[in-house]
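Visitor: Here's a structure for you.
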Amino acid sequence: MLLASLFIVGGLFRTAGASVIKFPRWGWTAFAGLVSVVLGLYLLATWPTASTYFIGLAIGIDLILDGGALIGFAGAIHSLPRTQPRPA
């Protein structure tokens, strides 16, 4: 149940933070957060019968989506124009 609550709380914070800050390609991070919330709710609902197979699958899906969101963010930041530093 601890893992389910971690998915739910982490997904809510990830979704809320991405939708408030709205950094480049924030939609991927919000989507990853929503998927984490859904996985956490499903794990909580099926807790007595949830096998270690599903728990490993849920962690893998969460890591893949989070990595994809970070790759998208890094690509968006990399393509921003560079600014010149101001002279002191």
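The values are calculated or read from the model by the stated rules, or taken from the named source; none is laboratory data. The structure presented is a predicted model; accordingly, all values stated were derived computationally and were not measured. Every residue, glycine among them, receives a Cβ derived from its backbone with ideal geometry; neighbour counts consider all protein chains shown. SASA here: full protein model, heavy atoms, side chains in, ligands and nucleic acids out. Shrake-Rupley method; radii C 1.70, N 1.55, O 1.52, S 1.80 Å.
Visitor: Does any residue of segment 23-44 turn out to be out of contact with any Asp or Glu (no Cβ under 9 Å at 6 or more places or on another chain), open to solvent by 100 Å² or more (accessible area, probe 1.4 Å) and β-branched (V, I, T)?
Guide: No, because not a single residue in segment 23-44 is out of contact with any Asp or Glu (no Cβ under 9 Å at 6 or more places or on another chain), open to solvent by 100 Å² or more (accessible area, probe 1.4 Å) and β-branched (V, I, T).
Visitor: Run I64 past the list (1) open to solvent by 100 Å² or more (accessible area, probe 1.4 Å); (2) touching a Pro at 6+ places or on another chain (Cβ under 6 Å) and report the number of the one that doesn't hold.
Guide: (2)
Visitor: Give all pairs with beta carbons closer than 8 Å in which a residue from segment 40-55 that is under 18 Å from V9 (Cα atoms) meets a residue that is in a loop (DSSP other than H, G, I, E, B) and among the aliphatic types (A, V, I, L, M); count only pairs at least 6 apart in sequence or on separate chains.
Guide: L43/A50; L44/M1; W47/M1
Visitor: Mind checking which residues of segment 39-59 are over 17 Å from L2 (Cβ atoms) and either of a type in the set (D, E) or under 12 Å from the mean Cα position of the chain (by Cα) (or both)?
Guide: Passing the criteria: none in range.
Visitor: Out of the residues in segment 71-88 that are in contact (Cβ under 8 Å) with a residue 12 or more places away in the chain and not small (G, A, S), state the one that is surrounded by the fewest Cβ atoms within 10 Å (Cβ to Cβ).
Guide: L80
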